[in-house]
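Trainee: Before I ask anything, here is the structure I am working with.
The values are calculated or read from the model by the stated rules, or taken from the named source; none is laboratory data. From a predicted model like this one, the values you see are computed outputs, not experimental measurements. Cβ: placed from backbone, ideal geometry, glycine included. Neighbour counts: every protein chain shown.
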Amino acid sequence: MIHLKEAVIVEGKYDKIKLSSVTDALIITTDGFGVFKNKEKLALIKSLAESRGVIILTDSDSAGFKIRSYIKGCTQKGKIYNVYIPEIFGKEKRKAEPSKEGKLGVEGIPADILKNALIKSGVTVSEKNAYLKEKNGWADKITLYDDGFIGKDNSEERRKKLLKLLKLPSLLSANSLIEVLNTMYTPEEYKKAAALVNSE
């Protein structure tokens with residue numbers, strides 16, 4: 001298991017599952033071409049690119065390159081690392097037929113090849129288990145509720161102040177915020193920001 005400072009962008013949930021066996025990084029799915037219309041997700045990717053960098057790891061087919069190109073075009077600021085998987089022909093075990101172009105996607109690539117591709121790309125790698133992703137993480141809806149960021153008067157306004165303080169997109173939903181907190185911030189960092197918001 002390798003720890004990455006950067007977030008990783010993949011296409012689908014099966015890619016995310018596969019990559020989770022290699023790294024404890026924050027992994028975001030584009031849901032195929034869904035990212036083209038998902039303003040919240042695109043805003044998150046832009047923010048992550050500026051704050052810590054993003055790794056684009058899409059399939060080696062034409063659809064994967066189209067998604068990669070779109071994200072690069074929309075993310076003018078920040079750091080983007082392009083990590084490519086080799087063109088290996090075959091089909092994933094869960095599929096009845098190969099893909100249209102007959103190439104394996106991220107989910108079908110052996111874990112050691114994915115790991116080596118990440119390490120060679122120049123991203124910030126350390127061979128350790130990250131504290132932030134133990135089990136289900138430390139943050140949940142109760143955390144946000146207790147601190148007044150959901151379910152209370154002015155929760156939305158306070159949550160937006162928290163997002164601004166953490167340099168995250170204002171469009172981020174509560175569920176997305178929980179995911180980001182669990183993978184990018186320690187409880188202490190969150191508590192410090194929450195205290196500042198609630199002291200106003």
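Trainee: Quickly run through region 22-79 and pick out the residues that are touching a residue at least 40 places away in the same chain (Cβ under 8 Å) and of a type in the set (Val, Ile, Thr).
Mentor: The answer is VAL22, THR23, THR30, VAL54, ILE55, ILE56, THR58, ILE67, ILE71.
Trainee: Exactly one of (1) closer than 21 Å to LEU163 by Cα; (2) not in a loop (DSSP other than H, G, I, E, B) is unmet by GLY78. Its number?
Mentor: Of the numbered conditions (1) closer than 21 Å to LEU163 by Cα; (2) not in a loop (DSSP other than H, G, I, E, B), the odd one out for GLY78 is (2).
Trainee: May I ask you to verify whether LEU57 is over 23 Å from THR186 (Cβ atoms), at pLDDT 90 or above and crowded, with 21+ Cβ neighbours inside 10 Å?
Mentor: When the stated conditions are applied, LEU57 passes them.
Trainee: Looking at region 132-146, which of the residues that are at pLDDT 85 or above and within 12 Å of VAL180 (Cα to Cα) is surrounded by the most Cβ atoms within 10 Å (Cβ to Cβ)?
Mentor: ALA139
Trainee: I've got another one for you. Pick from region 84-112 the residues that are hydrophobic (A, V, I, L, M, F, W, C) and crowded, with 17+ Cβ neighbours inside 10 Å: which of them is modelled with the lowest pLDDT?
Mentor: Among those residues, the one meeting the criterion is ILE85.
Trainee: Can you tell me which of GLY73, GLY32, GLY105 is over 25 Å from LEU168 (Cα atoms) and among the small types (Gly, Ala, Ser)?
Mentor: GLY105
Trainee: I need the full set of residues from region 15-29 which are polar (S, T, N, Q), part of a loop (DSSP other than H, G, I, E, B) and either out of contact with any strand residue (DSSP E or B) (no Cβ under 8 Å at 6 or more places or on another chain) or crowded, with 17+ Cβ neighbours inside 10 Å (or both), in order please.
Mentor: SER21
Trainee: Within region 62-78, does at least one residue satisfy the condition of being in contact with a Pro (Cβ under 8 Å, 6 or more places away or on another chain) and more than 20 Å from LEU19 (Cβ to Cβ)?
Mentor: The answer is no, given that none of the residues of region 62-78 is in contact with a Pro (Cβ under 8 Å, 6 or more places away or on another chain) and more than 20 Å from LEU19 (Cβ to Cβ).
Trainee: Out of LYS18, LYS72, LYS5, LYS13, which single residue is within 18 Å of MET184 (Cβ to Cβ) and not polar (S, T, N, Q)?
Mentor: LYS5
Trainee: Residue check: is SER51 surrounded by 13 or more Cβ atoms within 10 Å (Cβ to Cβ), over 17 Å from GLU6 (Cβ atoms) and hydroxyl-bearing (Ser, Thr, Tyr)?
Mentor: no
Trainee: Determine the pairs where a residue that is at positive phi, located within region 161-181, has a partner that is surrounded by 22 or more Cβ atoms within 10 Å (Cβ to Cβ) with Cβ atoms under 8 Å apart, the partner being 6 or more residues away or on another chain.
Mentor: So the pair list comes out as LYS167/SER47.
Trainee: Going by the conditions given, is ILE85 in a loop (DSSP other than H, G, I, E, B), of a type in the set (A, V, I, L, M, F, W, C) and assigned by TED's automatic domain parsing to the domain that holds SER121?
Mentor: Answer is yes for this residue.
Trainee: A further question on this structure: Tell me whether region 175-189 contains one or more residues that are in contact with a Ser or Thr (Cβ under 9 Å, 6 or more places away or on another chain), of a type in the set (Phe, Trp, Tyr), outside the structural domain of LEU48 (by TED's automatic domain parsing) and assigned to a loop (DSSP other than H, G, I, E, B).
Mentor: There is no residue in region 175-189 that is in contact with a Ser or Thr (Cβ under 9 Å, 6 or more places away or on another chain), of a type in the set (Phe, Trp, Tyr), outside the structural domain of LEU48 (by TED's automatic domain parsing) and assigned to a loop (DSSP other than H, G, I, E, B).
Trainee: Mind counting the residues in region 30-75 that are in a helix (DSSP H, G or I), within 14 Å of the chain's Cα centre (by Cα) and of a type in the set (A, V, I, L, M)?
Mentor: 8
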